[in-house]
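Enquirer: Before we start, here is the structure in question, set down as structure tokens.
The values are calculated or read from the model by the stated rules, or taken from the named source; none is laboratory data. Everything numeric in this text was worked out from a predicted model, so none of it was measured. Because the Cβ atoms are built from the backbone with ideal geometry, glycine has one as well, and the counts that use them run over all protein chains shown. Side chains included, ligands, DNA and RNA excluded: accessible areas come from the protein's heavy atoms. Shrake-Rupley method; radii C 1.70, N 1.55, O 1.52, S 1.80 Å.
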Amino acid sequence: QVQLVESGGGLVQAGGSLRLSCAASRNIFSFNTMAWYRQAPGKQRDLVAIVTSGGNSNYADSAKGRFTISRDSAKNTVYLQMNSLKPEDTAVYYCNALYFGVENWGQGTLVTVSS
């Protein structure tokens, strides 16, 4: 069983920064991929950023140039550094880990960006 615990959400003004953390219950390199998704009220859950076990990363167009996904193997933690935040970034952000074909999700952390 995989457990993922997100933290770091909160209220920030437009133009500000936040760093989200996702602590995993096992070695993060055992996952095929780790990713951050977000879901705004009334909208579907969308991919924000993803990193493979080999270290390749990819971003949604809305996140490119502003967000960075990174990993700390010693802490079994994946981060999402978010800069130049916009009100449209407001959402619940979820950590996702793909493990032996099974998707695992955290409970989510709320990010609110005020204008």
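Enquirer: Tell me the residue from ALA60, ALA91, ALA97 that is over 21 Å from GLY16 (Cα atoms) and either open to solvent by less than 30 Å² (accessible area, probe 1.4 Å) or touching an Asp or Glu at 6+ places or on another chain (Cβ under 6 Å) (or both), please.
Expert: Numbers: ALA60 fails: over 21 Å from GLY16 (Cα atoms); ALA91 fails: over 21 Å from GLY16 (Cα atoms).
Sole residue among the options that is over 21 Å from GLY16 (Cα atoms) and either open to solvent by less than 30 Å² (accessible area, probe 1.4 Å) or touching an Asp or Glu at 6+ places or on another chain (Cβ under 6 Å) (or both): ALA97.
Enquirer: Six or more apart or on different chains, Cβ under 8 Å: which pairs go from a residue in region 86-115 that's under 21 Å from VAL51 (Cα atoms) and among the small types (Gly, Ala, Ser) to one that's open to solvent by less than 70 Å² (accessible area, probe 1.4 Å) and not in a strand (DSSP E or B)? Could you list them?
Expert: If the second residue must be open to solvent by less than 70 Å² (accessible area, probe 1.4 Å) and not in a strand (DSSP E or B), the pairs left are ALA91/ALA40; ALA97/VAL2; ALA97/ILE28; ALA97/PHE31.
Enquirer: Now a separate question. Exactly one of these conditions fails for CYS22: (1) assigned to a loop (DSSP other than H, G, I, E, B); (2) under 10 Å from the mean Cα position of the chain (by Cα). Give me its number.
Expert: (1)
Enquirer: Something else about it: Residues in region 36-53: is at least one assigned to a strand (DSSP E or B) and touching a Cys at 6+ places or on another chain (Cβ under 9 Å)?
Expert: Here is the first cut: in region 36-53, the ones assigned to a strand (DSSP E or B) are 36-39, 45-52.
Checking which are touching a Cys at 6+ places or on another chain (Cβ under 9 Å) leaves us with 36-37.
Yes, region 36-53 has at least one match.
Enquirer: Does SER53 satisfy the criteria of being open to solvent by 60 Å² or more (accessible area, probe 1.4 Å) and either touching a Pro at 6+ places or on another chain (Cβ under 9 Å) or not acidic (Asp, Glu) (or both)? Reasoning before the result, please.
Expert: Values: open to solvent by 60 Å² or more (accessible area, probe 1.4 Å): no; either touching a Pro at 6+ places or on another chain (Cβ under 9 Å) or not acidic (Asp, Glu) (or both): yes.
Considered against the rule, which asks whether it is open to solvent by 60 Å² or more (accessible area, probe 1.4 Å) and either touching a Pro at 6+ places or on another chain (Cβ under 9 Å) or not acidic (Asp, Glu) (or both), SER53 comes out as no.
Enquirer: A further question on this structure: Failed condition for GLN13, given (1) out of contact with any Ser or Thr (no Cβ under 7 Å at 6 or more places or on another chain); (2) touching a residue at least 40 places away in the same chain (Cβ under 8 Å), with all others met?
Expert: Among (1) out of contact with any Ser or Thr (no Cβ under 7 Å at 6 or more places or on another chain); (2) touching a residue at least 40 places away in the same chain (Cβ under 8 Å), the lone unmet condition for GLN13 is (1).
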